[in-house]
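K.L.:
Here it is: the structure, laid out below.
Here, each number is a calculation from the coordinates, and none is a lab measurement. Computed from a predicted model, the values in this text were never measured in an experiment. Positions of Cβ are generated from backbone atoms using ideal geometry, with glycine treated the same way; all protein chains shown enter the neighbour counts.
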Amino acid sequence: MNPLLGEAPEPKLVNEIIDKVMEYDLIMGVHDLIIHNYGPNKWMASIHAEVPANESIMKIHEVIDDAEKYVSEKLDILLVIHMDPVNTDDEEVEYARREIVLLLMKFPMIKSMHDFRVVGKGDYKNLIFDIVVDYTFVDNAENTKKIKDDINSYLKEKHPEYTAVITIDKDFMS
């Protein structure tokens, strides 16, 4: 695959960004890292950081600001961090998340899950989440639909009250 503009980032840079952001307290996970190259020594990156939803927004904002400044200086890039709150206090959400994690193990092409939440009340609920899939497995709309349908089929067998609403992110770093 030949890019029209820029170049793919070195895996070392990708790992350094992730590792340095993950050093910060209150950052529970990261995903959706995008790195742009605008010429020699001109890198810009954005990343989503999962943070506890029950923590003070001011405290989290301070941590995110510190991480952006530190990583930007250390790696000579411009880094922007988006905060994604994660509900860690709700038993139903945690139960549903564990069930989905176990289910996703049946799919070797799925590398990770993020942005998990439960929406709805009563007997039927949507489990909304993103999955990161090796790009070779989702090279067309038919394969993408099949992965979503298969996940929902397995989910409905054990939990008919849940419907998975899935966004697929392709991992181009495979």
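K.L.:
Considering only the chain, what is the antiparallel percent among its DSSP beta bridges, to the nearest 5?
P.N.:
Details: 14 of 33 bridges.
Rounded to the nearest five, the antiparallel share is 40 percent.
K.L.:
Share of Cα-Cα pairs in the range 91-171 beyond 20 Å, in percent? Working shown, then result.
P.N.:
On the way: 863 of 3240 pairs.
I get 27 percent for the Cα pairs in the range 91-171 exceeding 20 Å.
K.L.:
Oh, and also: Where both residues lie in the range 11-86, what percent of DSSP beta bridges are antiparallel, nearest 5?
P.N.:
About 45 percent, rounded to the nearest 5.
K.L.:
Once every Cα of the range 52-146 carries one equal point scatterer and solvent is ignored, give the base-10 log of I(q)/I(0) from the Debye formula at q = 0.14, 0.15, 0.25 Å⁻¹, two decimals.
P.N.:
-0.78, -0.85, -1.19
K.L.:
Residues of the range 65-92 with amide nitrogen under 13 Å from the 7 Å Cα-to-Cβ point of residue 25?
P.N.:
Within reach of a label on residue 25, which here means backbone N under 13 Å from a point 7 Å along Cα→Cβ, the range 65-92 contributes nothing.
K.L.:
Shifting gears a bit: Report the extension gain between residue 13 and residue 167 in nm, rounded to one decimal, defined as 0.36 nm multiplied by the number of residues separating them, less their alpha carbon distance.
P.N.:
Computed gain between residue 13 and residue 167 is 52.8 nm.
K.L.:
Say each of residue 139 and residue 121 gets a label point 7 Å from the Cα, pointing the same way as Cα to Cβ; how far apart are those two points in nm?
P.N.:
Between residue 139 and residue 121, the label points sit 4.7 nm apart.
K.L.:
Pull up the cross-link candidates among the aspartates and glutamates for residue 20, meaning alpha carbon to alpha carbon under 12 Å and not fewer than 8 places away within one chain.
P.N.:
66, 68, 73
K.L.:
How large is the Kirkwood hydrodynamic radius of the range 11-86, in angstrom, based on all distinct alpha carbon pairs?
P.N.:
12.5 Å
K.L.:
Can you compute the modelled spin-label distance between residue 107 and residue 80, with each label point 7 Å from Cα toward Cβ, in nm?
P.N.:
2.9 nm
K.L.:
Kindly express, to the nearest 10 degrees and within the range 0 to 90, the angle between helix 91-104's C-alpha long axis and the longest C-alpha principal axis of the chain.
P.N.:
Helix 91-104 sits at roughly 80 degrees to that axis.
K.L.:
Please report, for the Cα atoms of the chain, the Rg to one decimal and the Dmax as a whole number; what are they, in angstrom?
P.N.:
In order Rg, Dmax, the Cα atoms of the chain give 17.9, 56 Å.
K.L.:
Okay, moving on. In degrees between 0 and 90, to the nearest 10, how far off the longest principal axis of the chain does helix 141-158 point, with axes built from Cα atoms?
P.N.:
Result, in degrees: 50.
K.L.:
Then there is this: Taking R0 as 35 Å, what FRET efficiency do you get between residue 87 and residue 42 from their Cβ-Cβ distance, rounded to the nearest 0.05?
P.N.:
Working: r = 38 Å, r/R0 = 1.08.
Result of the calculation: an efficiency of 0.40.
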